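Chemist: Pasting a structure here, questions to come.
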Amino acid sequence: MKSLLPENAVWAAFGIARQQMPIVAQATLLGGNVRVGLEDNLYLSRGVFATNGQLVERAKTIIECLGYEVATPDEAREMLGLSK
């Protein structure tokens with residue numbers, strides 16, 4: 001599906017439930033952006049409820065372990081054309 005996007009398109013992916021973090025890794029490797037949160041996944045691991053902060057921290061760890069950097073809030077706003 002990525003090949004169907006216009007060149008230089010800004011895109012993101014998200015995974016549901018236990019696929020949330022594998023999609024974080026795959027989207028990062030394919031040059032996309034990601035989002036995580038309790039709206040898509042309630043658990044940090046089997047039977048362990050997560051907080052949004054824990055899910056963001058886990059995604060950040062995955063992204064950095066793959067050799068990429070996580071955008072700051074200001075950088076994300078700029079990428080999306082949003083004002084503060």
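Chemist: Exactly which GluC sites (Glu not before Pro) in segment 48-84 are in a DSSP loop and have at most 15 other Cβ atoms within 10 Å?
Modeler: Glu69
Chemist: Please identify every one of the chymotrypsin sites (Phe, Trp or Tyr not before Pro) in segment 1-67 that sits in a loop by DSSP and has no more than 16 other beta carbons within 10 Å of its own beta carbon. Write out the running numbers ahead of the final one.
Modeler: Numbers: sites: Trp11, Phe14, Tyr43, Phe49; in loops: Trp11, Phe14.
Hits after loop and neighbour filter: Trp11.
Chemist: If you don't mind, another one. When all C-alpha to C-alpha distances in segment 11-72 are sorted into bins of 5 Å, what percent of pairs does each bin hold, rounded to whole numbers?
Modeler: 4, 21, 33, 25, 13, 4, 0
Chemist: Determine the calculated [θ] at 222 nm for the chain from helices alone, applying -39500 (n - 2.57) to every DSSP H run no shorter than 4 residues and normalising by the residue count; nearest 500 deg cm²/dmol.
Modeler: Details: 3 runs with 32 residues, N = 84.
My calculation for the chain gives -11500 deg cm²/dmol from helical runs alone.
Chemist: At q = 0.14, 0.28, 0.32 Å⁻¹, work out log10 I(q)/I(0) for segment 1-44 with the Debye formula, treating every Cα as an identical point scatterer and leaving solvent out; two decimals please.
Modeler: -0.34, -0.96, -1.12
Chemist: Here is a follow-up. Note down the magnitude of the dipole of the chain about its Cα centre, charges +1 on Lys and Arg C-beta and -1 on Asp and Glu C-beta and zero elsewhere, to the nearest 20 debye. Spell out each step's value before the answer.
Modeler: Working: 8 positive and 9 negative charges, 62 e Å.
Computed charge dipole of the chain: roughly 300 debye.
Bear in mind these aren't lab numbers, they're just calculated from the coordinates by the rules spelled out. Remember, it's a predicted structure, so these values are computed and weren't measured experimentally. So basically every Cβ, Gly included, is an ideal-geometry build from the backbone, and we count neighbours across all protein chains shown.
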